[in-house]
Amino acid sequence: MFLTTGKAAKICGVRVNTIKSWIQNGSLHAIQTPGGHWRIPQDAFLEFVARHSIPLPESMKDQATTLEQRRILIIDDDPMVHELIVGALDLSPFHYEIKSAYDGCSGLMQVGLFRPHVLILDIMLPEINGLEVIHRLKHQSENLGGMKILAITAATDRFLVMKKLKEAEPEAILSKPLKLDVMLETVECFFHPADDGFLESSGSGI
């Protein structure tokens, strides 16, 4: 959902030109339509007003509460991958609460404790691999609670691995090395799905 600059100005109690200046100096994230009009993602607007203590109308307060609850768990045995993913998510205009685990066993424990909305899961993990993590979670469906699984793997050239991974039915698969803009778009689609169905994307170097 998007807001026009006029609606954003009305909520903030400022002029439209003030909203546009906030957009242009990078304080407020927005996209520009082919016709040259600014549209502000609602989540980015909620982040902005929370940061500047601007009161919201009652109709938007529930949405702001939901925004604060976005939880993402990353399970990968490579610390550098964690650093890259967390860095990309931190640069997003949207707020996420992020936790990390470095093997399948501790990752499964974190799923139960943290209750993430999105699980970013490497497939090649020591001891309990990512495929086994998915199978265990889906076998105990109460552990999912609507959680979406984004599987990441460097084994996209291995037919058997990819066949088993697709059979495990994560909501999306991305290849390593990750393309971070695709990863961010995929994560945001989990929170605001445009349409249902299986997503598969490939990435090239970061």
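Scanning the stretch 144-169 for residues that are at pLDDT 90 or above and either at positive phi or of a type in the set (F, W, Y) (or both) returns a single hit, E169. Given the condition assigned to a loop (DSSP other than H, G, I, E, B), in contact with a Lys or Arg (Cβ under 7 Å, 6 or more places away or on another chain) and aliphatic (A, V, I, L, M), answer yes or no: does some residue in the stretch 149-160 qualify? Yes, the conditions are met somewhere in the stretch 149-160. Screening the stretch 52-73 for residues that are surrounded by 13 or more Cβ atoms within 10 Å (Cβ to Cβ) and under 16 Å from E188 (Cβ atoms) and picking the one that is modelled with the highest pLDDT gives I72. K138 passes every criterion in (1) crowded, with 17+ Cβ neighbours inside 10 Å; (2) touching a helix residue (DSSP H, G or I) at 6+ places or on another chain (Cβ under 8 Å) apart from (1). Yes or no: E167 within 16 Å of I85 (Cα to Cα) and either among the aromatic types (F, W, Y) or part of a helix (DSSP H, G or I) (or both)? No, not satisfied.
Look at (1) modelled with pLDDT of 80 or more; (2) surrounded by fewer than 15 Cβ atoms within 10 Å (Cβ to Cβ); (3) over 24 Å from Y102 (Cβ atoms) and you find that P177 fails only one, number (3).
The values are calculated or read from the model by the stated rules, or taken from the named source; none is laboratory data. Small disclaimer: the values here were computed from a predicted structure and weren't measured. Positions of Cβ are generated from backbone atoms using ideal geometry, with glycine treated the same way; all protein chains shown enter the neighbour counts.
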